[in-house]
1. Would you pick out the residues in the range 71-99 that are over 13 Å from R50 (Cβ atoms) and charged (D, E, K, R)?
2. For the range 33-90, give me each residue that is within 13 Å of the chain's Cα centre (by Cα), open to solvent by 70 Å² or more (accessible area, probe 1.4 Å) and not hydrophobic (A, V, I, L, M, F, W, C).
3. Hey, among the residues in the range 58-116 that are in contact with a helix residue (DSSP H, G or I) (Cβ under 6 Å, 6 or more places away or on another chain) and in a loop (DSSP other than H, G, I, E, B), which one's nearest to V43 (Cα to Cα)?
4. Within the range 39-57, which residues are among the basic types (K, R) and either in contact (Cβ under 8 Å) with a residue 60 or more places away in the chain or in a strand (DSSP E or B) (or both)?
Amino acid sequence: MAKKNDWKRRDGVVYSTDNDYSYDYENDEEPDTLPPGEQHLKVQLDKKARSGKQVTLVNGFIGTEEDFKLLGKLLKSKCGVGGSVKNGEILIQGDFRNKVVEVLQKEGYNVKRVGH
């Protein structure tokens with residue numbers, strides 16, 4: 001199987017005469033997960049582009065995708081509802097801002113409630 005050529009990601013490289021050259025992509029590594037005390041998470045209510053249904057959004061997490069998904073799973077189970085983790089946001093179905101803030105503070109996160 002041929003290797004996909006990601007030439008669009010090679011910013012600043014024009015040409016190399018080295019046959020064994022392998023481009024080093026920047027930002028390929030996920031950042032290490034910061035401890036909960038150093039995280040600054042924002043919790044807000046959103047209903048845009050969701051057919052009028054409300055979701056609680058949590059964003060601002062810095063860390064690996066796996067740790068982010070674990071945090072999303074914790075919040076969904078504590079609230080007893082569904083949701084998803086994608087595009088750097090945790091979506092919890094329904095208005096659970098107070099419950100999410102409470103759970104995150106118990107876990108040691110710095111939480112700010114945005115909006116009403």
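The values are calculated or read from the model by the stated rules, or taken from the named source; none is laboratory data. For clarity, every value in this text was computed on a predicted model and none was experimentally measured. Glycine also receives a Cβ, built like all others from the backbone with ideal geometry; neighbour counts cover every protein chain displayed. To get the accessible areas, we keep the full protein, side chains included, count just its heavy atoms, and leave off ligands, DNA and RNA. Shrake-Rupley method; radii C 1.70, N 1.55, O 1.52, S 1.80 Å.
1. K73, K76, K78, K86, R97, K99
2. Correct list: H40, K42, E65, E66, K69, K73, K86, N87.
3. Within the range 58-116, the match that is nearest to V43 (Cα to Cα) is F96.
4. Initial filter on the range 39-57 (among the basic types (K, R)): 42, 47-48, 50, 53.
Answer for the range 39-57, where residues must be among the basic types (K, R) and either in contact (Cβ under 8 Å) with a residue 60 or more places away in the chain or in a strand (DSSP E or B) (or both): just K42.
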